[in-house]
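J.: First the structure, which I've put down as structure tokens, then a few questions once you've had a look.
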Amino acid sequence: MARLVIDSQEVSRYSLDDVLDAIIWGDALQVLPKLPDEMADMVFIDPPYFLQLPPKRLLRWKVKTVVEGVDEEWDKFENFEEYDRFISAILKEVRRIMKPKATVWCIGTYHNIHRIGKLMQDLGFWILNDVIWVKTNPMPNWLNVRFTNATETLIWAVKSKDVKGYTFNAEVARQFSKGKLALNVWELPICIGDERLKDEHGKKLHPTQKPKALMERVLLTSTKEGDVVLDPMAGTGTTGVVAQSLRRHFVMIEKQREYVDACLQRLNLETQQFSLEWR
Ligand SMILES: C[S@@+](CC[C@H](N)C(=O)[O-])C[C@H]1O[C@@H](n2cnc3c(N)ncnc32)[C@H](O)[C@@H]1O
């Protein structure tokens, strides 16, 4: 059974044993400071995008359907300054929690990834790559006022410029590329079909659930079996689900209870499949 840890003000510190292979229901800003120094071999951060959608839902004037975006409360910030403060606070704690040779991934779109890259560099992180995820089935832009956005960017970094000996499985990375080179371009569909979690009305449970295939690439290229992977904003828990199936450990944090529940359900289902496959 997947473990649930409910964070509370009474807890001032967590040991690795307390949180290993668990989803912590809580606010990452409160939980991260309680996690041990140098605990993680890899960190994956998929933060709010701060899409800044207008208050009224946009109507596609030609096709008269509603533009789907992320209009959840957790994606809202007053302004860029507040967003930057939030991301910086997360990144500072993540840097402390990373082992000396750990790496960190941050994923985002044009709305936020450039800010995140700057903040990372300001905090001393050393960027190794940006990996471009090319979506083979992007959401179309019917308004014809700009390009259809078909990419997300993953920044991959170490704690500082002098870090050597981090995990990079070049052979595996080559398999995800056309030709002989391990290129920084990954072509993959967005999460659809049976993989996409639905609510009781058949609607998407989470607006930005990442495909397992993307997380497999992240984990296979930058971690080893037995490594500890931290995801401080876990959503539906894709990181933990894939980590478990690849025999990595995970520590996940998520503040929305409905996503935590989905995460637990998903992990339990996968645990059953996992134990059958590895028997
Ligand atoms: C972009 S989504 C992550 C999606 C995830 N990778 C998946 O595959 O489902 C960002 C998540 O961060 C969560 N979140 C936002 N602020 C948070 C905070 N302060 N602490 C913990 N989680 C937070 C949101 O509830 C949301 O589920």
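J.: Relative to the compact globular guide of 2.2 N^0.38 Å, what is the alpha carbon radius of gyration of the chain, as a ratio?
T.: Values: Rg = 18.5 Å, N = 279, 2.2 N^0.38 = 18.7 Å.
Taking the Cα Rg and dividing by 2.2 N^0.38 Å, one obtains 0.99.
J.: What helices does the chain have that are whole DSSP H segments, at least 20 Å long along their own axis by Cα, and with mean Kyte-Doolittle hydropathy of -0.5 or more?
T.: Numbers: long enough: 80-97 (25 Å, -0.26); 257-277 (30 Å, -0.63).
The qualifying helices are 80-97.
J.: Within the set of other residues whose C-beta is less than 12 Å from the C-beta of S160, count the net charge using Lys and Arg as +1 and Asp and Glu as -1.
T.: Every neighbour counted, the sum reads +4.
J.: Can you give me the solvent accessible area of L188 with a 1.4 Å probe, rounded to the nearest 10 Å²?
T.: Only protein atoms counted, so the area is about 10 Å².
J.: What is the local net charge at C191, summed over the other residues whose Cβ is closer than 13 Å to its Cβ (Lys, Arg +1; Asp, Glu -1)?
T.: Here the count lands on +2.
J.: I would also like to ask the following. Loop only by DSSP, 12 or fewer other Cβ within 10 Å of the Cβ. Give me the trypsin sites (Lys or Arg not before Pro) in region 132-193 that pass, ordered by residue number. Mind dumping the intermediate values first?
T.: Details: sites: K135, R146, K159, K161, K164, R174, K178, K180; in loops: R146, K159, K161, K164, K178, K180.
Passing sites in region 132-193 are R146, K161, K164, K178, K180.
J.: Using a Förster radius of 45 Å, what is the FRET efficiency between R174 and D199 based on their Cβ-Cβ separation? Nearest 0.05, please.
T.: 0.70
J.: Working out 0.36 nm times the residue gap between L4 and F86, then minus their Cα-Cα distance, what length gain in nm do you get to one decimal?
T.: In short, 27.0 nm is gained.
J.: Quickly estimate the mean residue ellipticity at 222 nm for the chain, helices only: each DSSP H run with n ≥ 4 gives -39500 (n - 2.57), and the total goes over all residues, rounded to 500.
T.: Value at 222 nm, helices only, nearest 500: -8500 deg cm²/dmol.
J.: While we're here: Choose one answer from L219, L29, L53: the residue with the largest mean-square fluctuation in a GNM of the chain with alpha-carbon springs under 10 Å.
T.: Residue with maximal mean-square fluctuation among L219, L29, L53: L53.
The values are calculated or read from the model by the stated rules, or taken from the named source; none is laboratory data. Just so it is clear, the structure is predicted and the values come from calculations on it, not from any experiment. Note that each Cβ is placed from the backbone with ideal geometry, even for glycine, and that neighbours are counted across all protein chains shown. For the accessible areas, the whole protein counts, side chains as well, though only heavy atoms, and no ligand, DNA or RNA atoms are used. Shrake-Rupley method; radii C 1.70, N 1.55, O 1.52, S 1.80 Å.
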